[in-house]
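Trainee: Here it is, the structure, as structure tokens.
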Amino acid sequence: MINAKITGVGGYVPEKVYDNAYMESIVDTSDEWIIRRTGVKERHISDDNEYTSDMAIKASQIALENSGLKAEELDLIILATVTPDYFTPACACLVQKALGAVNAAAFDYNAACSAFVTGLTIAKQFIAAGTYKNVLVVCADTLSKATDYADRATCVLFGDAAGAAVVSATEENGIMETELGSDGDLAITALAYRNSDEENEKRVSKRKETIWMAGQAVMKFAVKAMADASLRVLEKSGLSWDDITLVIPHQANYRIVDSAIKRMGITEDKVFLTLEKYGNTSASCIPVALSEAVAEGRIKKGDKIILVGFGGGLTWGAALLEW
Ligand code: ACO
């Protein structure tokens, strides 16, 4: 049996910061409200001429370096984004070119904030089938470019970031179990070619390409989806919460994480959060947090961890890994 394991991980956040004082200066909000209702203190924001692929390349270079692999050894690059530089070429192709990954196929995919877990699942399948040995999974989003900065209910939540992981064939345990789900729903939308007066009307700015969501409905869905998906991968593996050293959830809102972990029956000391510093950076939340948890020594070889996310689609997913 060929297994798939993360051999290197990397994260990148842009330099510019919008703190809560800045958010107070652009919409009718307060530092107190944002912290109490979301847990976010700061978000990192790309420059006007800094795009998703620029951040993706930086995170990928770090992941590659940490894995010890050469770019030519990559067989496949998959990149998840909801804010691509172009409709074509795929951002994955821009990363392929910049890395010099001359032997890699490349494509983009979209599973919104659940995309890192989705990407690990795709990588595991290609590796288990014997098709590829080394797959780079990248998540990158410049959500700030799709944020309605006139809408106080969404603009305080989002930031920009990129995260990447090299997944390689191994005989060791690695990505042990994954669980994915979807429920096509318009609770979170940002429109491309489709025109809809109804969608325009929902937005303060009336700009259809900005992100709108039914905040309370998404919160309810997220708590159940993250708890259920985590329990499902535990069940499939035959392990219990005592075997799990760390959980890295999607970092959308502290209240969602808090309610989800109560439902899972675990305490916050098992959970790694970057929410306060970066806000919701879409699919990048999990790999950026993973990269920081590894750098801080919170994850050691042999540890079993759970990554769990939810997002637009609606989608959800969890992965149980042995590090
Ligand atoms: N500052 C001050 N007041 C605010 C703000 C703000 N930034 N935002 C909303 N309010 C107000 C509302 O207008 C409302 O006022 P009203 O009672 O006078 O009408 C009041 O606060 C309560 O609003 P709610 O929407 O009920 O607030 P809630 O507690 O649900 O928090 C939030 C809103 C933070 C958006 C929450 O619903 C949430 O986090 N939802 C989930 C979002 C999410 O996880 N999305 C993930 C996917 S995004 C993606 O995939 C890219």
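The values are calculated or read from the model by the stated rules, or taken from the named source; none is laboratory data. A quick note: this is a predicted structure, and the numbers were derived from the prediction, not measured. Positions of Cβ are backbone-derived with ideal geometry, glycine not excepted, and every protein chain shown enters the neighbour counts. Please note that ligands, DNA and RNA were not included when accessible areas were found on the heavy atoms of the full protein model with its side chains. Shrake-Rupley method; radii C 1.70, N 1.55, O 1.52, S 1.80 Å.
Trainee: Two decimals is fine: what's Rg over Rh for the range 111-171, C-alpha atoms, Kirkwood radius as Rh?
Mentor: Ratio value, two decimals: 1.18.
Trainee: For the range 31-154, what is the convex hull volume of the alpha-carbon atoms per residue, in Å³?
Mentor: 128
Trainee: Could I ask something else about it? Considering only DSSP beta bridges where both residues belong to the range 176-322, give the percentage that are antiparallel (nearest 5). Spell out each step's value before the answer.
Mentor: Working: 16 of 21 bridges.
Close to 75 percent.
Trainee: Give the accessible surface of the range 60-163 per residue, rounded to a whole number of Å², with probe radius 1.4 Å and ligands, DNA and RNA excluded.
Mentor: 37
Trainee: For the chain, would you read off the P(r) tail past 38 Å as a percentage of all alpha carbon pairs?
Mentor: For the chain, the fraction of Cα-Cα distances above 38 Å is 9 percent.
Trainee: On to the next question. State the three equivalent ellipsoid semi-axes of the range 156-233, derived from the C-alpha gyration tensor as the square roots of 5 times its eigenvalues, in descending order and whole Å.
Mentor: Details: eigenvalues 223, 60, 30 Å².
Those come to 33, 17, 12 Å.
Trainee: Using the Kyte-Doolittle scale, find the helices of the chain whose mean hydropathy is at least -1.0 and whose Cα atoms extend 24 Å or more along the helix's long axis, counting only whole DSSP H runs.
Mentor: Those that clear 24 Å and a mean of -1.0 are 215-237.
Trainee: Give me the percent of DSSP beta bridges within the range 3-172 that run antiparallel, rounded to the nearest 5.
Mentor: Here the share of antiparallel DSSP bridges comes out near 70 percent.
Trainee: Can you compute the helix-only [θ] at 222 nm over the chain? Use -39500 (n - 2.57) per DSSP H run of at least 4 residues, normalise by all residues, nearest 500 deg cm²/dmol.
Mentor: -10000 deg cm²/dmol
Trainee: Please sort 76-89, 38-51 by packing, taking for each peptide the average over its residues of neighbouring beta carbons within 10 angstrom, highest first.
Mentor: For the peptides 76-89, 38-51, the packing ranking is 76-89, 38-51.
Trainee: Within 13 Å, Cβ to Cβ, of ALA187, how many net charges do the neighbouring residues add up to if Lys/Arg are +1 and Asp/Glu are -1?
Mentor: Spelling it out: positives minus negatives among the neighbours equals -1.
Trainee: Calculate what fraction, in whole %, of the accessible area of the range 176-322 sits on carbon and sulfur atoms when a 1.4 Å probe is rolled over the protein chains. Don't skip to the answer; put the middle values down first.
Mentor: Numbers: 3180 of 6460 Å².
After summing per-atom areas, the C and S share lands at 49 percent.
Trainee: Which percentage, to the nearest 5, of the DSSP beta bridges contained in the chain is antiparallel? Show your work: numbers first, answer last.
Mentor: Numbers: 38 of 54 bridges.
Of all bridge pairs located within the chain, approximately 70 percent are antiparallel.
Trainee: Anyone know which of LYS202, LYS16, LYS301 comes out most mobile in the 10 Å Cα GNM of the chain?
Mentor: For the chain, modelled as a Gaussian network with Cα springs under 10 Å, the answer is LYS301.
Trainee: Counting other Cβ atoms within 10 Å, keep those with at most 15, restrict to DSSP loop, and tell me which chymotrypsin sites (Phe, Trp or Tyr not before Pro) in the range 114-211 are left.
Mentor: Loop-located and lightly packed - TYR193.
Trainee: Please report the orientation-averaged projected area of the range 263-323, defined via the convex hull of its C-alpha atoms, in nm².
Mentor: 4.8
Trainee: Shifting gears a bit: Give the ranking of SER205, SER282 by solvent-accessible surface, highest area first, calculated with a 1.4 Å probe.
Mentor: SER205, SER282
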